[in-house]
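Engineer: My questions will all concern the structure given below.
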Amino acid sequence: MELKAISDDEKQRYKTVVLKFLEDLSYNLDDKAIINYINKLKKEFAPKTARMHIIRIRAFLKFIDHPIANLIELPKVPKRRRRLVIKVEHVRDLLREIDEKLSGPYRLKLKSAVLLSATSGLRAEELYKLRLEDIDLENRTIFVRAEIAKDYEDRVTFFSKEAQDVLEEYLNTFKPSNPLFSKKSLLHQFSKLDTRLRMKHMRKFFSQQSDRLGMPTAVKKILMGHSTAGDVDLSHYDFQDEEELKKIYDEYWKNFRILG
């Protein structure tokens, strides 16, 4: 796992599940004990939770070449359509709560991060690793480095005039260090708020609001870093250069305001 791009949190979850499994079996990995344990998981947990536990146990058993590993079938999880709709008023309420409950650099930092992500489509993990040199404030452009992008490819995206104004105030007032928006810092500030929204929801808002504003889906996907493979329309727009993409972005987002 250390050789793969797996987060520390996910590695810890694997460790917790596997240690519980081994301890419950007193480290006696005979077939009958393993079968009984897996059946117990299926009875005790909801299908989705049981499935995640069994995935981790099976991965461990494969790693130690246990013969039963390839016989373990994962429980099926009922597919339910759950679409979280995030509207302008939801983000507006979040920004107002930030203004009311936070002060000084913390208020401007979180407000800048929210507006930047909500109008650019950045992934939360990309935002947490942004450096000052990744942002062209004057041209409202973000350069997403390959090393911080999920698909390991460089790309550009843009942000609104409203986000630019707040970010400029933050940078000029407090001269923050790199990274601009550390994960630990933002999560701590969110913990002081009553909202259920988190940074990951800002990307979802960008996607949904882009559709409401009528932005071409292909352009939206390029800005968000989605794969263009197998998508003829997306591949066509992928030939647009940075300047052309910005023109299309500005048509829909430049003057869009969340706070009115």
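Engineer: Which GluC sites (Glu not before Pro) does the range 1-69 hold that lie in a coil by DSSP with at most 16 other beta carbons within 10 Å?
Structural biologist: Glu2
Engineer: Would you kindly work out the equivalent ellipsoid of the range 114-255 from its C-alpha gyration tensor and give its semi-axes, the square roots of five times the eigenvalues, largest first in whole Å?
Structural biologist: Semi-axis lengths for the range 114-255 are 25, 16, 15 Å.
Engineer: Picking from His90, His66, His201, which is most flexible by a Gaussian network model of the chain using Cα springs under 10 Å?
Structural biologist: So, out of His90, His66, His201, the one fluctuating most is His66.
Engineer: Further, regarding this structure: Taking a ≥ b ≥ c as the square roots of the Cα gyration tensor eigenvalues, with a/c under 1.5 meaning rounded and otherwise prolate when a/b beats b/c, else oblate, which class fits the range 8-71?
Structural biologist: Judged from the Cα gyration tensor, the range 8-71 comes out rounded (a/c under 1.5).
Engineer: Where in the range 145-184 does the label zone of Leu132 land, with the point 7 angstrom along Cα→C-beta and an amide N cut-off under 11 Å?
Structural biologist: Residues passing the 11 Å test: 171-180.
Engineer: A follow-up question, please. Over 23 Å between Cα atoms, which of Lys11/Lys62; Lys11/Lys204; Lys40/Lys200; Lys221/Lys246; Lys11/Lys150; Lys4/Lys129 qualify?
Structural biologist: Those over the limit are Lys11/Lys204; Lys40/Lys200.
Engineer: Can you show me the helix-derived [θ] at 222 nm for the chain, built from DSSP H runs with n ≥ 4 at -39,500 (n - 2.57) apiece and divided by the number of residues, rounded to the nearest 500.
Structural biologist: -17500 deg cm²/dmol
Engineer: Moving on. Taking chymotrypsin sites (Phe, Trp or Tyr not before Pro) as exposed when DSSP calls them loop (any state but H, G, I, E, B) and at most 10 other Cβ atoms lie within 10 Å, what is the longest stretch of the chain free of them, the sites themselves excluded?
Structural biologist: Formally, the longest exposed-site-free interval is 28-151.
Engineer: What helices does the chain hold that run 18 Å or longer along their axis, going by alpha-carbon atoms, with a Kyte-Doolittle average of -0.5 or more, using DSSP H for the helix calls?
Structural biologist: 47-63, 104-120
Engineer: Which loop-located trypsin sites (Lys or Arg not before Pro) does the range 159-194 contain, where loop means any DSSP state but H, G, I, E or B and the Cβ has at most 14 other Cβ atoms within 10 Å?
Structural biologist: Here the trypsin sites (Lys or Arg not before Pro) that fit, given the DSSP loop and packing criteria, are Lys192.
Engineer: Just to be sure I understand the model, the point goes 7 Å from the Cα along the line to the Cβ. What's the resulting Glu153 to Glu168 distance in nm?
Structural biologist: 3.3
Engineer: Right, another one. Need one number for the chain: average projected area of the convex hull over its C-alpha atoms, nm².
Structural biologist: 17.1
Engineer: Still on this structure, I have one more. Trypsin sites (Lys or Arg not before Pro), restricted to the range 101-133: which are DSSP loop and have at most 13 other Cβ atoms within 10 Å?
Structural biologist: Arg131
Rule-based calculations on the coordinates, nothing more; no lab input. These numbers were taken from a predicted model, which means no experiment stands behind them. When we count neighbours, we look across all protein chains shown, and the Cβ atoms used for this are built from the backbone with ideal geometry, even at glycine.
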